[in-house]
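The numbers here are math on the coordinates, done by the rules we state, and not lab data. Keep in mind it's a predicted model, so treat the numbers as computed, not measured. With ideal geometry, Cβ positions are generated from the backbone for all residues, glycine too; neighbour counts draw on all protein chains shown.
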Amino acid sequence: MLITRAELEQMIPHGSQMCLLDEVVEWDQKNIVCKASSHRYTDNPLRADGRLGGMTLVEYGAQAAAIHVALIQQGFKAPQSAYLGAIKELILSKDFIEEIEGSLSVKADCLMNSMDGAIYSIQVTSADQMLIEARISLLQGE
């Protein structure tokens, strides 16, 4: 475990309850891989009527990408929050994810990064099953 949940909570603008990721298991200048088990939590803040929709996986990927932005920009400028600006090329394999027994592996690959935002390819898998793939844009600002 490279980065703990407590450290991740400081990098997510939503606060501790909305931090969906458990840990960063690896990262470099181009990508990040995180683990998550919050999809199984009955108090997951994204649940509606006891269910957790597959589209919520976009938020898992966006959080991994935002954390990656924060990590690669350390020391270059004051930290800024990154917000989801767009979702493209979305492929979703499950309508609901709360019954997935295994942990989620959340990967974000940086395709472009600037001081104003970034574009990432995200993938979320569990037990080698692809759950979601997409390209997202993050916007940075106050």
Counting alpha carbon pairs within less than 8 Å and at least 6 residues apart, what relative contact order, in whole percent, applies to the chain? 25 percent
Per residue of region 26-42, what does 6.51 cos²θ - 1.76 cosθ + 1.60 with θ = phi - 60° give for ³J(HN,Hα)? Whole Hz please, x for Gly and Pro, Karplus curve as stated. 6, 7, 8, 5, 9, 8, 9, 10, 10, 10, 8, 10, 5, 5, 8, 6, 5
Close lysine pairs (the chain; alpha-carbon distance under 18 Å; 8 or more apart or on separate chains) counted at 4
If you count, for each residue, the other Cβ atoms within 10 Å and average over each peptide, how do 99-109, 8-18 line up from highest to lowest? 99-109, 8-18
Under 1.5 on a/c is rounded, so check that first for region 81-127, then, if it is not, pick prolate when a/b is larger than b/c and oblate when it is not; a ≥ b ≥ c are the square roots of the alpha carbon gyration tensor eigenvalues. prolate
Pick from Val33, Val25, Val124 the residue whose mean-square fluctuation is largest in a GNM of the chain, springs joining Cα atoms under 10 Å. Val25
What distance in nm separates the simple spin-label points at Gln74 and Asp128, each placed 7 Å from Cα in the Cβ direction? 3.3 nm
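In deg cm²/dmol and to the nearest 500, what is the mean residue ellipticity at 222 nm of the chain if only DSSP H runs of at least 4 residues count, each as -39500 (n - 2.57), divided by the residue total? Don't skip to the answer; put the middle values down first.
Numbers: 2 runs with 21 residues, N = 142.
Result for the chain: -4500 deg cm²/dmol, rounded to the nearest 500.
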Of the beta bridges DSSP finds with both residues in the chain, what % are antiparallel, to the nearest 5? 100 percent
Over all directions, the average projected area of the alpha-carbon convex hull for the chain comes to how many nm²? 8.0 nm²
Can you list the residues of region 115-142 with backbone N under 20 Å from a point 7 Å past the Cα of Ser93, pointing along Cα to Cβ? 121-136
Dipole of the chain [Lys/Arg +1, Asp/Glu -1 at C-beta], most positive-end residue of Ala70, Met11, Leu111: Leu111
